[in-house]
Amino acid sequence: MNAIEIRGLRRDFPLPNGERGALRTALDGINLTVGEGEVHALLGPNGAGKTTLCKILATVLVPSAGTARILGRDVVTRLATVRPLIGCVFGGDRGLYGRLSARRNLHYWGALYGVPGHELRARAAELLDRFGLTAHADERVETFSRGMKQRLHLARGLMHAPRVLLLDEPTTGMDPVSARDFRTLIGELRREGRSILLTTHDMAEAETVCDRATLIDDGRILHTATPRELGALLSRHERIEATDVPAQLLAQMGTRSGVTSVNTGPDGITLIEVTDQDALTPVLRLLVDAGVTNLATTRPGLEEVYLQLIGDRGMDVAS
Amino acid sequence: MRAFRAGLSLQAALLWRSPGNLHVLATVPLYTLILLAMTDASHQAGLAPNAIIAPTLMALWTMALFTAGDLIDRDRHDGTLEPTVATPAPLAQVITGRICAVTAASLIAFAEAWVVGLCFGVHLSVHHPLTLVVGILTTSLTTACTAALIATLLVLTRGGRPYQNSLSFPFYLLSGIVVPIEVLPHWVHPISRIIYLSWSADLLRSAFRPEEPRQLPMQLIALGLLAAAGLACASVLMRRVLDRVRILGTLGHA
């Protein structure tokens, strides 16, 4: 059974200042499957439909058409059986009781998920420790930094040990150390057999922690694959980065068969793209023979795939 | 019941951490002083119980209107409504628990008014203690049920503050908690009787009178019916409102 199964999912919103009946489509016939125990990233710019999809899966928003199932249960018709299975982390500054302590917040949310009284304290203490919040457990949440709030959101989402986790931009506002710890945590959750749908802007994050990633834009899915496959999708080319390449050699490179492009950036680093592995070796030999020793071969990162598929719009909000 | 207890305990903690929500209690001694001064100036010592009960009921109603009534809307504003709805806990139970905490806190007003009365030299005799206890309990229950209805209605009316303001003083007057209903025009009486506070005021006052509280059964039935009606309307409305905002996608809108 799949952890998440989405078929033809559509969600329209009335335009706030539009004509009567005018709609904006946030999700346009989405099909997506997340297997049990899989960590799946949903990548897309602001307004792509990521949060809308999370909200539908979290049962707080009803789709206009299509179906979504969590572990085989429909999120619209079987609320009572779906809700205990999922942990939602919407993130951000909102969504917690700022006047209360982190511990008190966790006790409350745990109680709403039916965690028995005697387990609440132990579970909250364990999660506070896991997220490095023990020292601040009894401080008001309103005094927390954004990164600390984000960690508390994650702890809240795990209070009832859900089988499926929906993480909407979970590392927003986290410092690099916390973000690295978060990636470690995702690995631990995967080993515990939990399924995770993670929305993010952070390509490195998706590349590091996810089994598969889905690129979404303007309410439509562009592509779903492993981060490595997505890299290969855009450019099957191998690349060489080198510094201090003689100008004469650069000109010679540009005319070689198997070399698709040669570009030198303002930082003096030359990027040479070749068609395949067979073309790579002769080019490397040529560089080494010319005395270029500062060089490396690289593959395109997920960020490049993402930016290429999304286009020039980048992080602009979809209209 | 777990959701109810969670709501009750959450709201108690919030009230403890945000005493500003109990600001109404700061006005109770002042209202009590004013009303006692009026009874004294008009040589109507017999109305002293009214001067003690009126500020108490005013505090209960104000807390129901402004603190309990705001609960859902404030949660929506703070982004806590969405994660609450996403849990398996029934929202109506959570909210009812929270409202009961607010109502229980409002009962401090009764002790405040009583103490002010003592300071003013007013020693009230409770002729029917059981009636007083039953009166306080049923009034609290009906207040909580009515507050649940208000909280749900305010979700529908975005920016409900003007409605809340307009429901305070007119209700004090219409319900006869400041001026007895008998003094009001006859045509107002049926309207007054729809407001639970009118029954509560009569019930609590009767505990301080030497004569037998013969109206007690009728008052209890009236309060019970109004509580049941408020709770039933709140439950149905809350379900419908939740369905509606999940369809419209406005659950998380501030």
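Quick notes on this one:
- Every condition in (1) assigned to a helix (DSSP H, G or I); (2) modelled with pLDDT under 90; (3) of a type in the set (K, R) is met by B:R98 except one, and the failing one is (2).
- The stretch A:79-96 - residue that is of a type outside the set (D, E, K, R) and touching a Phe, Trp or Tyr at 6+ places or on another chain (Cβ under 9 Å) and, of those, farthest from the other protein chains (Cβ to nearest Cβ): A:G87
- Qualifying helices (runs of 4 or more DSSP H) (wholly inside the stretch B:1-80; at least 3 residues being away from chain A (no Cβ under 14 Å)): B:23-41, B:48-62
- Against the criterion of being out of contact with any Ser or Thr (no Cβ under 8 Å at 6 or more places or on another chain), among the aliphatic types (A, V, I, L, M), surrounded by fewer than 16 Cβ atoms within 10 Å (Cβ to Cβ) and at pLDDT 85 or above, A:V283 does not qualify.
- Pick from the stretch B:125-142, criterion crowded, with 16+ Cβ neighbours inside 10 Å and more than 16 Å from the chain's Cα centre (by Cα), ranking: farthest from B:A6 (Cα to Cα): B:H128
- Any hit, the stretch B:130-137, residues being touching a Pro at 6+ places or on another chain (Cβ under 6 Å), under 22 Å from B:Q215 (Cα atoms) and assigned to a loop (DSSP other than H, G, I, E, B): no
- Positions within the stretch B:19-48 being polar (S, T, N, Q) and surrounded by 14 or more Cβ atoms within 10 Å (Cβ to Cβ), in sequence order: B:N21, B:T27, B:T32, B:T39
- Qualifying residues in the stretch A:132-160 (those that are touching a residue at least 40 places away in the same chain (Cβ under 8 Å) and more than 17 Å from A:D93 (Cα to Cα)) - the one surrounded by the most Cβ atoms within 10 Å (Cβ to Cβ): A:M159
- Residue check for B:L251: within 15 Å of the chain's Cα centre (by Cα) and not small (G, A, S): no
- Identity of the residue in the stretch B:81-95, modelled with pLDDT of 90 or more and in contact with a Ser or Thr (Cβ under 7 Å, 6 or more places away or on another chain), that ends up nearest to the other protein chains (Cβ to nearest Cβ): B:A86
- A:E19 passes every criterion in (1) among the charged types (D, E, K, R); (2) at pLDDT below 90; (3) assigned to a strand (DSSP E or B) apart from (3).
- Annotation: of all residues in the stretch B:199-254 being under 21 Å from A:A58 (Cβ atoms) and among the small types (G, A, S), the one that is modelled with the highest pLDDT is B:G249.
- Unmet criterion (only one of (1) surrounded by 21 or more Cβ atoms within 10 Å (Cβ to Cβ); (2) away from chain A (no Cβ under 14 Å)) for B:R98: (2)
- Exactly one residue among A:R103, A:R121, A:R99 is within 13 Å of chain B (Cβ to nearest Cβ), touching a residue at least 12 places away in the same chain (Cβ under 8 Å), among the basic types (K, R) and in a helix (DSSP H, G or I), and that residue is A:R103.
- Look at (1) farther than 20 Å from A:R94 by Cβ; (2) modelled with pLDDT under 85 and you find that A:D129 fails only one, number (2).
- Within the stretch A:1-46, the set of residues being in contact with a Ser or Thr (Cβ under 8 Å, 6 or more places away or on another chain), of a type outside the set (V, I, T), buried (at least 17 other Cβ atoms within 10 Å of the Cβ) and more than 11 Å from chain B (Cβ to nearest Cβ) comprises A:A3, A:E5, A:L9, A:L27, A:L32, A:E38, A:H40, A:A41, A:L42, A:L43, A:G44.
- Residues that are surrounded by fewer than 14 Cβ atoms within 10 Å (Cβ to Cβ), assigned to a strand (DSSP E or B) and modelled with pLDDT of 85 or more, drawn from the stretch A:238-272: A:N263
- Selection count, the stretch A:49-78, where residues are more than 10 Å from chain B (Cβ to nearest Cβ), of a type in the set (A, V, I, L, M, F, W, C), assigned to a loop (DSSP other than H, G, I, E, B) and surrounded by fewer than 22 Cβ atoms within 10 Å (Cβ to Cβ): 1
- Criterion: over 19 Å from the mean Cα position of the chain (by Cα) and among the acidic types (D, E) - qualifying residue of A:E205, A:E142: A:E142
- Condition met for A:E205 (within 29 Å of A:R24 (Cβ to Cβ), among the charged types (D, E, K, R) and in the same structural domain as A:F131 (by TED's automatic domain parsing)): yes
- Single condition B:D78 does not satisfy, out of (1) out of contact with any Gly (no Cβ under 8 Å at 6 or more places or on another chain); (2) of a type in the set (D, E, K, R); (3) surrounded by fewer than 18 Cβ atoms within 10 Å (Cβ to Cβ): (1)
- Options A:G117, A:G95; residue that is over 22 Å from B:L81 (Cα atoms) and over 19 Å from the mean Cα position of the chain (by Cα): A:G117
- Options B:A201, B:A207; residue that is farther than 21 Å from B:A228 by Cα, in contact (Cβ under 8 Å) with a residue 60 or more places away in the chain and of a type in the set (A, V, I, L, M): B:A207
The values are calculated or read from the model by the stated rules, or taken from the named source; none is laboratory data. The structure displayed is predicted, hence computed values, not measured ones. Here Cβ is always computed from backbone atoms with ideal geometry, including for glycine, and neighbour counts include all displayed protein chains.
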